[in-house]
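Here's the structure, in C-alpha cells; my notes come after.
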Amino acid sequence: MITLEQARRLRKAGVLWVPGPGDRFIVPNREMDDDVFVVSDMTVEVHDYPGGKVIGFNGTTEWALDSIEQREVVWLPRENQLRELLADRFVRLEAAPDGYAVDLAADSGEHRFTGPDAEQAYAEALIALLTP
C-alpha cells in the first residue's frame, strides 16, 4: 500500500479521484491517520450532492463520523489504478533487491523507480511523471 505522504504528493500533482467500490482512503488529521477505510456499498458509500461528493459511513453509531466530504479524505490508489494512470509510459514491473522496480518509457530512454512494494514503486513513478 502507498504511504499517506505519497498519496498527498499524488493529489498535489493533480491526480483526481472518482470514488468507487473497493477504493481505499484515509481520514487524515482526526487521529485516524493509521486507519484505512474502503468504499463499499454496505458500509462506506459515496453520495453525489450539488456541492460535491460526500462519503457516508453506514452503521457507525458508535462514533461521531456519519459522513465526510471527499476533499477531506486522502485516496490510496491500488496497484491496478496506479498502473492505469501511468498509461502507455509503463514498461514493466520487476522484483528488485529491496522490493520492486517500475520502468517508464521517456523521450530520453527508460527511467526506473523503486519501492518496498509494487504500489509504492508505481506511486513514485507516477509522482515523477506528473511533477515538473
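The values are calculated or read from the model by the stated rules, or taken from the named source; none is laboratory data. Values in this document were obtained by computation on a predicted structure and should not be read as measured data. Neighbour counts run over all protein chains shown; Cβ positions are idealised from the backbone, glycine included. What goes into the accessible areas is simple: the full protein's heavy atoms, side chains included, and nothing from ligands, DNA or RNA. Shrake-Rupley method; radii C 1.70, N 1.55, O 1.52, S 1.80 Å.
Which trypsin sites (Lys or Arg not before Pro) in region 1-45 pass both tests, a DSSP loop state and at most 16 other beta-carbon atoms within 10 Å?
Numbers: sites: ARG8, ARG9, ARG11, LYS12, ARG24, ARG30; in loops: ARG30.
Of the trypsin sites (Lys or Arg not before Pro), the ones in loops of region 1-45 whose Cβ has at most 16 other Cβ atoms within 10 Å are ARG30.
One quarter of the surface of the convex hull around the alpha-carbon atoms of the chain equals 9.5 nm², the direction-averaged projected area.
Give the calculated FRET efficiency between ASP48 and THR114 to the nearest 0.05, with a Förster radius of 30 Å applied to their Cβ-Cβ distance.
Working: r = 38 Å, r/R0 = 1.28.
Plugging the Cβ-Cβ distance into 1/(1 + (r/R0)^6) gives 0.20.
Per residue, region 69-115 exposes 61 Å² of accessible surface when a 1.4 Å probe is rolled over the protein heavy atoms with every protein chain present. Note on region 70-132: dipole from Cβ charges, positive end direction compared against LEU85, VAL102, ALA125; the farthest Cα belongs to LEU85.
Given the -39500 (n - 2.57) contribution per DSSP H run of 4+ residues, what per-residue ellipticity at 222 nm results for the chain, rounded to the nearest 500 deg cm²/dmol? Don't skip to the end; give the middle numbers.
Details: 3 runs with 30 residues, N = 132.
The helix-only estimate for the chain comes to -6500 deg cm²/dmol at 222 nm.
Here the chain is treated with +1 on each Lys and Arg Cβ and -1 on each Asp and Glu Cβ, and its dipole about the Cα centre works out to around 400 debye.
Would you work out what percent of the accessible area of the chain, with all protein chains in place, is carbon or sulfur (probe 1.4 Å)? Before the final figure, lay out the partial values.
Working: 3890 of 7770 Å².
Summing carbon and sulfur atoms, their accessible area is 50 percent of the total for the chain.
Loop sites only, by DSSP: take the GluC sites (Glu not before Pro) in the chain that have at most 15 other C-beta atoms within 10 Å and name the longest stretch containing none of them. For GluC sites (Glu not before Pro) (loop position, at most 15 other Cβ atoms within 10 Å), the longest site-free span of the chain is 63-132.
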